[in-house]
Amino acid sequence: MVQKKNKKYVYSFEEGDKSMKEILGGKGANLAEMKSLGINVPPGFTISTETCKTYYDSGKKILPEIYSQIETKLKDLEKKIGKKLGDSEDPLLVSVRSGAAASMPGMMDTILNLGLNDKSVVGLANKTGNERFAWDSYRRLIQMFGDVVLEVDHDKFEHILESVKESVGAKFDTDLNAEDLKTIVKKYKEMIKKEIKKDFPEDPKEQLDLAIKAVFNSWNNYRAVRYREINNIKGLIGTAVNIQAMVFGNLGESSGTGVCFTRNPSTGEAKFYGEYLMNAQGEDVVAGIRTPLAVSTLKTKNPKIYKELVDVCNRVEKHYKDMQDMEFTIQEGVLYILQARNGKRTVSAGVKIAVDMVKEKLITKEQAVLRIEPNQLNQLLHKQFDPIALNKAEAVAQGLPASPGAAVGEIVFSAQEALEKANKGLDVILVRTETSPEDIDGMHSAKGILTSRGGMTSHAAVVARGMGTCCVAGCGDMVIDEKSKTLIFKSKGLKFKAGDIISLDGSTGKVYSQKINTQEPELSGNFGKLMSWADEFRKIGVRTNADTPKDAKTARKFGAEGIGLCRTEHMFFDGNRIKAVREMILSNDLESRKKALAKLLPFQKEDFVGLFHEMDGFPVTVRYLDPPLHEFLPTKEKDIVELAKEMKVSVEVLKNKIDDLHEFNPMLGHRGCRLAITFPEIYDMQTNAIIEAAILVGQKCPICGKKHKVTPEIMIPLVATTKEFSILKQRIVEIVDQKIKEAKIKMDYKIGTMIEVPRATMVADKIVEAGAQFFSFGTNDLTQMGAGISRDDAGKFLKEYVAQEIYEYDPFESLDQEGIGELIKIAIKKGKTAKKDLKIGICGEHGGEPKTVEFCHNEGFSYVSCSPFRVPIARLAAAQAAIKSKKK
Ligand code: PEP
Ligand code: MG
């Protein structure tokens, strides 16, 4: 048995405060805090979240000890109010509401007006002199209680309500008189009896008991479980239950109810904002039967209440030092606050509020920086759907949110088609089973990319994030038939053809079957201000993964301090280059290979010049060719025939070559530095291109004429053994030193390695002793090889792994700190033993993920590197990590 003797399970509002969220839930803790501020909160008590846990642990039972604590608090409450629960002359009515430590709005259950029965309703009518009000409250209780506690279908109540309204000619609920409401109550009760073979419970204590259990049960209803899943709410033990004396906004024209925010939640404007209705209960405001009025109108209608409300808002906001969302009720001219919590807001409002509050000296810069969830910045950096239009749209399928943003366009099924249509000025969505490097031009031209296979580090996801293009990957519900140019969403049974319009939300992974309007991002002054504060606190550098001058420029705009990863293979696909690459691959001897590589050199050099120019002195890390060569050759018969013609070889020769290059496990095959061990001339060409480019821009940049200071950082991929590194390094050094000597200049350069093969982490010290001047952790491959999960096939099963909490997060998205993180720590320790000031970076996709950035900060990394659009996220996350570690 979990329950302990004398343990406290029930707290009056006077016994709590805001620090007790874990025990009292957010709502309970805030009600207690407001009480302590002297704000007029209707009295009540909170049954703790621990009680919810014991309820489940004891097989859904409330233990006698807890019952007796509830009984005591109920008596205290009755004494305070001077009324008894369910009294036949002057009844105390209570609300029973859920409230967990994390806010889960509307996901769990609530019961209002509890304590009414056939006798107390008469007492309430007499006492208030308002028979209609009493019977309306009773009608609402039976309906809510019947639905939530007795689990009678909600529609059955609505049906009775509607039929009575029709029979008496009432248009709105408010047109029903007391007699009509009595009829409804009678019919409700008969219907309940028929449905559950039991009477609606008249005993108020029984009502209370059942309502408390219903709230506990709602902790695990489908809605609540899904909400926690979607919002990554973990580690909570249950919901608290708040029992509070009812106050009524529907007691006549001097009563009312409303909701207000201390600042505008959409824009962040520092102006009191909200809505209310007179002579109404909370649900009327939500139901939209009558149009609520702006709170500003209270100023003339009821200046006393308005002043009080503004005063409470100011006090509560100053106290919590954050924008508050409050519910209030006016009962016969007396203002009550029913709830105050940190208000939900749009990201741009959040940024403005944080910046304004620093100006107002309400919070510090550190607090402002800590207040914004880094991933939310996505919403400010990419195109988004118009929220109103999005609300009305229904998704037809769900994939992985691989690259944020919103995209609308015509479906195309090939990269070629994407390019052609985009050239004609059309917006297209490229739909593929998966993408390959050959698709790069089409991907560039598309507004969005949708794939049916692949995970968060699949080719489509990585490339799209790099380009800042919206991408939904691994949409397993989608079947593509490229021949007939159709796609089917299986669950919905919907078929689309080329040219049909769809919309993608890369931030949620949702696919829509219609056009949804989009909005441009706005990088306002407040955003810039907040980022500049973040940079003041940040201790580690933030670089970018960029392969083109265009991406490099974008990244600089977002504040990147260098390039941490330039994947040179991405430079091989453009226009004429692919031809030279293929020529190189098809060459049968060294001479012809060198000839083909010589054609590539000027292109590579030009790209490096572009990158050095954009980075204007910031470091540029160039990663040498990594993918297996077969990725550069076509796979489809039609393309093979075409290429054979172009290359002037027979189809047979080409097919033989393709067969030759075929690998059973290409990710573990002939790729990375293994390519250069067998074909060293490939890396030779890359070394020549980098150094020639560096010398050129160091003397006079062909783009701007300036002298850029360049320190090239050459990075060798997929190193597993010391020997691989030393052999390749020696060859690179010879070429570089020769070039520098010939140019008669001085230039620093560095040669380092990616650490992405688990073996390398174990021999990291020896790799440094062999001359590695820096490490950059390639956590995509390190995760793939360390956890033994294929990057490209993970989409099929990883979702389930995360759902079952086998992995807390997708390990390709957020670093698996427990496993892969340990390998990294070992490598750092060994590497730093060999060279104390070894420079350490990360360039896997994790480099822009906030939890991983915090890990990198804590482990003493020099920098993180991520795709351009994630640079601000990494900057903010790095600042937050620094502030948090200072606090410890
Ligand atoms: C990695 O493996 O983490 C990495 C950055 O390299 P790539 O994704 O190109 O394999
Ligand atoms: Mg890699």
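Only the coordinates and a few stated rules stand behind these numbers; no lab work does. Everything numeric in this text was worked out from a predicted model, so none of it was measured. Using ideal geometry, Cβ is built from the backbone for each residue, glycine included, and neighbour counts are taken over all protein chains shown.
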Exercise for review: Please state, rounded to one decimal and in Å, the Kirkwood hydrodynamic radius that segment 78-210 gives when every pair of distinct Cα atoms enters the mean of 1/r.
Suggested key: 15.5
Revision key, fill the gap. To the nearest 0.05, the calculated FRET efficiency linking Thr833 and Lys539 through their beta-carbon distance, R0 being 22 Å, is 0.45
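If r is the Cβ-Cβ distance from Gln379 to Glu808 and R0 is 25 Å, what FRET efficiency results, to the nearest 0.05?
On the way: r = 24 Å, r/R0 = 0.97.
Here the calculated transfer efficiency is 0.55.
Local charge sum around Lys321 (other residues, Cβ-Cβ under 13 Å, Lys/Arg +1, Asp/Glu -1)?
Details: positive: Lys18, Arg263, Arg315, Lys318, Lys361, Arg371; negative: Glu33, Glu317, Asp322, Asp356, Glu360, Glu366.
In short, 0.
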Check your understanding: Using alpha carbons only, how many degrees (0 to 90, rounded to 10) separate the axis of helix 820-834 from the longest principal axis of the chain?
Key -> 50
Exercise for review: Give the distance, in whole Å, between the Cα centre of segment 467-535 and the Cα centre of segment 133-172.
Suggested key: 42
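What's the whole-number percent of alpha carbon pairs in segment 200-254 lying beyond 19 angstrom? Please list the in-between numbers first.
Working: 762 of 1485 pairs.
Tail fraction, whole percent: 51.
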Study note, to complete from the structure: Which residues qualify? For Met754, with a placed amide H closer than 5 Å and at least 5 residues away or on another chain, they are Ile716, Leu718, Val719, Ser776
Study note, to complete from the structure: Once both label points are put 7 Å beyond Cα along the C-beta direction, the Ser592-His662 separation in nm becomes 2.2
Revision key, fill the gap. Charge dipole of the chain built from unit charges on the beta carbon (Lys, Arg +1; Asp, Glu -1), centred at mean Cα; most positive-end Cα among Ile714, Gly442, Leu116 is Ile714
Point to revise | Dimensions (Å) - segment 504-657, Cα atoms, principal axes, largest first | key: 62, 46, 21
Revision key, fill the gap. The extension gain from Asp153 to Ser254, computed as 0.36 nm times the residue separation minus the Cα-Cα distance, is 32.9 nm
Exercise for review: Specify the inter-centroid distance of segment 406-435 and segment 185-250, based on alpha-carbon positions, in whole Å.
Suggested key: 50
Review point. What share of all Cα pairs of segment 687-759, in percent, falls into each consecutive 10 Å distance bin?
Key: 18, 45, 25, 11, 1
Practice item. With θ set to phi - 60°, apply the Karplus curve 6.51 cos²θ - 1.76 cosθ + 1.60 along segment 125-137 and write out the HN-Hα couplings as whole Hz, x wherever there is a Gly or Pro. Key: 5, 5, 5, 8, x, 9, 5, 4, 4, 4, 6, 5, 5
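Might you report the magnitude of the Cβ-based charge dipole of the chain about its Cα centre, with Lys and Arg at +1 and Asp and Glu at -1, to the nearest 20 debye? List each step's numbers first, then the result.
On the way: 131 positive and 122 negative charges, 444 e Å.
It works out to roughly 2140 debye.
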Revision key, fill the gap. Taking R0 as 51 Å and r as the Cβ-Cβ distance between Asp386 and Lys75, the FRET efficiency 1/(1 + (r/R0)^6), rounded to the nearest 0.05, comes to 0.40
Study note, to complete from the structure: Of the residues Phe248, Thr183, Ile230, the Cα lying farthest along the dipole of segment 179-300 towards its positive end, which is defined by charges on the beta carbon of Lys, Arg, Asp and Glu, belongs to Ile230
**Study point:** Extension reserve of the Thr364-Glu269 stretch, reckoned as 0.36 nm per residue once the Cα distance is removed
**Key:** 32.3 nm
Study note, to complete from the structure: Calc'd 3J(HN,Hα), segment 359-372, phi into Karplus 6.51 cos²θ - 1.76 cosθ + 1.60 (θ = phi - 60°), Hz, glycine/Pro = x, comes to 4, 7, 6, 7, 9, 8, 4, 4, 4, 4, 5, 6, 7, 9
Revision key, fill the gap. Non-local residues with an amide H under 5 Å from the amide H of Leu85, with H modelled 1.01 Å from N and Pro and chain starts lacking one, are Leu92
Review point. Any idea what angle helix 303-320 forms with the longest principal axis of the chain, computed on alpha-carbon atoms, 0 to 90 degrees, nearest 10?
Key: 40
Revision key, fill the gap. Counting only backbone N atoms under 18 Å from a point 7 Å out along Cα-to-Cβ of Glu229, the residues of segment 396-415 in range are 396-401
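Counting other C-beta atoms within 10 Å, which of Leu112, Leu450, Leu63 has the fewest, and how do the rest follow? Before the final figure, lay out the partial values.
Numbers: Leu112 20, Leu450 28, Leu63 17.
Listed from fewest to most nearby Cβ atoms, that is Leu63, Leu112, Leu450.
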Review point. Using the alpha-carbon centroid of each, what span in Å lies between segment 817-880 and segment 1-71?
Key: 42
**Study point:** Segment Lys213-Val168, length gained on full extension (0.36 nm per residue, minus Cα span)
**Key:** 12.5 nm
Practice item. Could you list the square roots of 5 times each eigenvalue of the Cα gyration tensor of the chain, that is, the equivalent ellipsoid semi-axes, sorted largest first and rounded to whole Å? Key: 63, 30, 25
Revision key, fill the gap. The farthest towards the positive end of the charge dipole of segment 216-357, of the residues Ser218, Tyr276, Met357, given +1 on Cβ of Lys and Arg and -1 on Cβ of Asp and Glu, is Met357
Exercise for review: Could you line up Ser88, Ser484 from fewest to most neighbouring Cβ atoms inside 10 Å?
Suggested key: Ser484, Ser88
**Study point:** Sorted by Cβ density within 10 Å, fewest first, the residues Ile842, Ile70, Ile540, Ile690
**Key:** Ile70, Ile540, Ile690, Ile842
Review point. So how strong a dipole does segment 582-641 carry about its Cα centre when Lys and Arg Cβ are +1 and Asp and Glu Cβ are -1, to the nearest 20 debye?
Key: 220
Revision key, fill the gap. Other residues with Cβ under 10 Å from the Cβ of Gly99 give, with Lys and Arg +1 and Asp and Glu -1, a net charge of +4
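Among the trypsin sites (Lys or Arg not before Pro) within segment 326-392, which fall in a DSSP loop and have no more than 15 other Cβ atoms within 10 Å of their own Cβ? All intermediate terms of the calculation are to be shown ahead of the outcome.
Details: sites: Arg341, Lys344, Arg345, Lys352, Lys359, Lys361, Lys365, Arg371, Lys383, Lys392; in loops: Lys344, Arg345, Lys361, Lys383.
Filter output for segment 326-392: Lys344, Lys361.
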Practice item. Enumerate the calculated ³J(HN,Hα) couplings along segment 241-254 in order (Karplus 6.51 cos²θ - 1.76 cosθ + 1.60, θ = phi - 60°), each rounded to whole Hz, writing x wherever the residue is Gly or Pro. Key: 10, 9, 10, 9, 4, 6, 10, 10, x, 10, 9, x, 6, 8
Exercise for review: Starting from the amide H of Ala397, placed 1.01 Å from N in the peptide plane, find each other amide H under 5 Å away whose residue is 5 or more places distant or on another chain.
Suggested key: Val511
Review point. Any idea what angle helix 154-168 forms with the longest principal axis of the chain, computed on alpha-carbon atoms, 0 to 90 degrees, nearest 10?
Key: 50
Review point. Excluding Val412 itself, what net charge comes from residues whose Cβ is under 12 Å from its Cβ, given Lys and Arg +1 and Asp and Glu -1?
Key: -1
